[in-house]
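Shown next, in structure tokens, is the structure this report addresses.
We did not get these values from a lab; they are worked out from the coordinates using the rules stated. What you see is a predicted model; the values in this text were computed from it and never measured. Positions of Cβ are backbone-derived with ideal geometry, glycine not excepted, and every protein chain shown enters the neighbour counts.
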Amino acid sequence: MTTPFATAGCYTHKDRKYRTMDIQKCIDIARLLAKKLTGSITPEENQQLDEWRLADRRHQELADKLTDEKDYLVHQQELEQFPPAERWEQVEQTIRKQNHRSPFAIRRWIAAAAAAVLLVLAAGSIYYHYRHTAGEGIQLAALDVPAGTHSAQLVLSNNEIIYLNSDSKCIYNELKGVQIVQESDGVKFLPQKDIPDTLIYNQIRTLQGMEYHITLGEGTKIFMNAQSTLTHPLAFRGKERLVKFEGEAYFEVAKDSKHPFVIELGDKRLQVLGTSFNVHAYPDEDLMQITLESGALEMDGTRIRPGEQIVYDRKSHELTVHAVDTKEFVAWHEGHFLFRNERLEDILRTLSRWYSFDYDFADQAARDVRFGAYLSRYDNMKTIINMLQRTGLVNVAVKDGKLLFGIP
């Protein structure tokens, strides 16, 4: 194993100064380098280190190598793979051949030399970690994650994709008798006269970092959250107004007692009668939540009243009803996030859909830290990160393009 101290100025192999070398000098230099790398060196100690560095070109090279990431990683790997009991015995045998010291003196030299090497490698480790976490701090300080946008994708029946946003206004005529009007506040499906009986379906998709407003032909308004999909006919036909949905959306259903509004949520059907409510039904989550603000709705024969919520567990297939404060579940639609004693993992899942960021956890315990907060949905994500850090309950860093959360 070639160590950094092969050129530290404490000894050299070619002149064989083992008998006269200053072991303590090696340790002192290692200590000074460690303090230099970690920023704890005094002016007097710094002067000593500068004198050592200027005394020999090899000393300067050693100091440079200790702050080089590649060299540090190589030394660290060597150290991890180094079997002390076997290899130090070989070193001891080599020294015995070249010297006539007592075994005790040799072992003392070996211990001191090993301590010096370990000290410098540890210093390199501290410097390497400091440099990278400092870099993470800089990245975090410069973090800029804007809120999502009012946009979506409209998928026509022929699979053509039209990108919708608040900056453009267009009119599409896919089906004779129905106009698709894109305006700054959303898209509207406006029925004209003589609508044919043919059922033609369109799909509205919001990706990560998107939200969008839709007005269906019979007047129902749908406010879609990020990562959601609505499949609907251009014009309703038959006894039901049937749509398919997954994700999250706030519905304001137009009243029509003769034609109930029905939402297919996977294998469940939600029947609505002139109602405003929130659907939270992401396919990657076990729990489906339908929160009623006004009117009436029914699922599997279970009817709920305003202020109640249906919770369906996809794993257990259990359906339950709870009285809730609806504000907690519809705040996003009104421009806010409202979290009440929720797990950090659940909060980040919600935020990442809107802010389009990736995240991970440095340890499992961070996932279960609980927070309560009332936040503006349209603030930069940096505001929320600063709030989380100020609590002192979690640390936040940037690593490999992800936000990394851990316990302090």
Whole-number Å³ per residue for the convex hull built on Cα positions in region 287-408:
119
Send over the Kirkwood Rh of region 149-332, from the inverse of the averaged 1/r over different Cα pairs, rounded to one decimal Å.
16.8
Net charge near Ala373, counting Lys/Arg +1 and Asp/Glu -1 over other residues with Cβ under 14 Å of its Cβ?
+2
Indicate the gyration tensor shape class of region 340-408 (rounded, prolate or oblate), computed on the Cα atoms with a ≥ b ≥ c the square roots of the eigenvalues: a/c under 1.5 is rounded; otherwise a/b larger than b/c is prolate and the rest oblate.
rounded
Cα extents of region 196-277 along the three principal axes, largest first, in whole Å?
37, 27, 25
Mind checking the full-extension length gain between Met387 and Thr42? Use 0.36 nm per residue of separation minus the Cα-Cα distance, one decimal, nm.
120.6 nm
Among the listed pairs Lys169/Lys244; Lys239/Lys268; Lys268/Lys327; Lys268/Lys315; Lys221/Lys327; Lys221/Lys255, which have their C-alpha atoms separated by more than 23 angstrom in this model?
Lys169/Lys244; Lys268/Lys327
Please compute the length gained on full extension between Ser157 and Glu218, using 0.36 nm multiplied by the number of residues separating them and subtracting their Cα-Cα distance.
20.0 nm
